[in-house]
Amino acid sequence: MPEIKMPEIKMPEFTIPDISTDVAKAAKDVAAVAKDATYVVIGAGVLGYQQAQVHRQEFLKLLAEPRADFEGRVAAVRTEVSGALHTVDTTVESLVERFEEIIERLETAVAPLEERLPEPARDLAKQAHVQAKEARTQLRSKIPTVAS
C-alpha cells in the first residue's frame, strides 16, 4: 500500500486579550446594552401600535363600504315602495269615485220607482239609503291612504 503523506497545518499564533477586571466599566457597558435594547423594544412596540392603527382604519373602511351600499339599497327600496303605495292610493281613490258615480246613477234610476211604492215601503227604502250612505262613509274612513 502506498504511503499517504498528510500536509502540515501550521496554527497561527494568537494571544488572548487581557480581560479587564474593571467592574465599573463592564457595568457601564452592560447598562448601555440594556438601554439600547430597551430603546429597540420600545421602538418596535410603537411601530407595532402604529401598524395596528393603520390596519384598524383599513378595516373600518371595509366595514363602512357595505353599510353605505346597504343604506343606498334600502333608500332605493323605500322610494320604490313609496311610489307603489302612491300608485295604489291613487287607484283606490279612483275606484271609490267610480263606485260613488255608479251608486248615484242607481239611486237616480231607482228614485222614480220608489215614489210609486206604498208609504211603508217608501219609508223602508229611505232608511236603506241612509244606512247605505253611512256604510259608505265608514268604508271611506277605513280605506288606508299613503297620507295617513
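Numbers below:
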{"read-out": "Residue check, Ala64 in a helix (DSSP H, G or I), loosely packed, with under 10 Cβ neighbours inside 10 Å and of a type in the set (Gly, Ala, Ser)", "value": "no"}
{"read-out": "Yes/no for Ala132 being among the small types (Gly, Ala, Ser), over 30 Å from Thr79 (Cβ atoms) and at pLDDT below 80", "value": "no"}
{"read-out": "Hey, Leu139 aliphatic (A, V, I, L, M), at negative phi, assigned to a helix (DSSP H, G or I) and out of contact with any helix residue (DSSP H, G or I) (no Cβ under 9 Å at 6 or more places or on another chain) or not", "value": "no"}
{"read-out": "Set Asp69, Asp123: member being within 43 Å of the chain's Cα centre (by Cα) and surrounded by 10 or more Cβ atoms within 10 Å (Cβ to Cβ)", "value": "Asp69"}
{"read-out": "Condition met for Glu115 (surrounded by fewer than 10 Cβ atoms within 10 Å (Cβ to Cβ), free of Cβ contacts under 8 Å to residues at least 12 places away in the same chain and in a helix (DSSP H, G or I))", "value": "yes"}
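The values are calculated or read from the model by the stated rules, or taken from the named source; none is laboratory data. What you see is a predicted model; the values in this text were computed from it and never measured. Quick reminder, even Gly has a Cβ in these numbers, built from the backbone with ideal geometry, and neighbours come from all protein chains shown.
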